[in-house]
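The values are calculated or read from the model by the stated rules, or taken from the named source; none is laboratory data. Everything quoted here is computed from the prediction, not taken from an experiment. Cβ placement follows ideal geometry from the backbone for every residue including glycine, while neighbour counts extend to all protein chains displayed. The area values use the complete protein model at the heavy-atom level, side chains included, leaving out ligands, DNA and RNA. Shrake-Rupley method; radii C 1.70, N 1.55, O 1.52, S 1.80 Å.
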Amino acid sequence: MIDAHLHLQDPRFAEALPGILETVEGLGIAAFVVNGTNPDDWEAVGHLATRCPAAMPCFGLHPWWVGSEREGWLAELEAHLTQHPDAGVGEIGLDRWIRGSDFDRQQEVFAAQLGLAQRLDRPVSIHCLRAWGTMLGILESRPLRRGVLLHSYGGPVELVPAFVSLGAFFSISGYFFNPRKEGKLAVFDAVPPDRLLIESDAPDMLPPSEMRRYRLCDAEGSEINHPGNLASLYEAVASRYGWSLEETKERMQRNFEAWRGRG
């Protein structure tokens, strides 16, 4: 199995991380894409990638952190990407949901990181909320040779063909299997099977209770998403699409390599 998007460097995982890594290895999770969010966690992402052969690092400035970036952050980002030749650029994107955020600055930061991905020829992992039209326009103006992953895609079904034409991939998380998210889940029926990936987005995006095979709480006692719950998600995706579990794994492997530019 492959986890196309998660945040193993998140401090909420710190104490439990050794056990988590043992669990995911035992489950047969052969690769997991660890996404950085700001300069303060990029070193931790790089350390995980060095320590765990299954970890593919991504380094990026998440839109939630735009406005607090330190001077020289883009050069620092490039340095991490250069140090890790297999790394992607992520998690980057646009988010109109954030109150008080400078959306114009978000677009500048996003475009700068896309430019870096273009120049270094790296795949990209993208976050987007309430900005899908703007996102599409920017991607159309800056086509990437390597793959674009729209992680936990929550955009309208009408835009799926346009994103597909740009070479985008779409990852589905367990959160969309919550009954109140059936409408979001239905959008994935329009995604071509060769553009689909599966992600846990751990420690966030908790799946429904019945899919939480592994339970974990943070230091404050709040439940967080264990990466091992990816196994339940693979089963749920296989059932929804009418595929066997082995077929699902094979499809996701091919799609993952295509996103990375190796397919």
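Some points to look at:
- Subset of region 53-72 (residues that are in contact with a helix residue (DSSP H, G or I) (Cβ under 8 Å, 6 or more places away or on another chain), closer than 16 Å to ALA111 by Cα and assigned to a loop (DSSP other than H, G, I, E, B)): GLY60, LEU61, VAL66, GLY67, GLU69
- Unmet criterion (only one of (1) touching a residue at least 40 places away in the same chain (Cβ under 8 Å); (2) over 19 Å from ALA87 (Cβ atoms)) for LEU61: (2)
- The listed residues are ALA30, ALA55, ALA4, ALA16, and the only one of them that is of a type in the set (Gly, Ala, Ser), farther than 23 Å from GLY72 by Cβ and over 18 Å from the mean Cα position of the chain (by Cα) turns out to be ALA16.
- Single match in ALA117, ALA75, ALA79 (criterion: open to solvent by less than 40 Å² (accessible area, probe 1.4 Å) and assigned to a helix (DSSP H, G or I)): ALA117
- Qualifying residues in region 1-37 (those that are among the polar types (S, T, N, Q) and outside any loop (DSSP other than H, G, I, E, B)) - the one most open to solvent (accessible area, probe 1.4 Å): THR23
- In summary, ALA219 fulfils each of the numbered conditions (1) part of a helix (DSSP H, G or I); (2) closer than 26 Å to PRO11 by Cβ; (3) open to solvent by 40 Å² or more (accessible area, probe 1.4 Å) with the single exception of condition (1).
- The single condition among (1) open to solvent by less than 40 Å² (accessible area, probe 1.4 Å); (2) over 15 Å from PHE59 (Cβ atoms); (3) part of a helix (DSSP H, G or I) that ASP104 does not meet is (1).
- Within region 161-187, if we keep just the residues that are open to solvent by 10 Å² or more (accessible area, probe 1.4 Å) and among the small types (Gly, Ala, Ser), the residue that is farthest from GLU257 (Cα to Cα) turns out to be GLY183.
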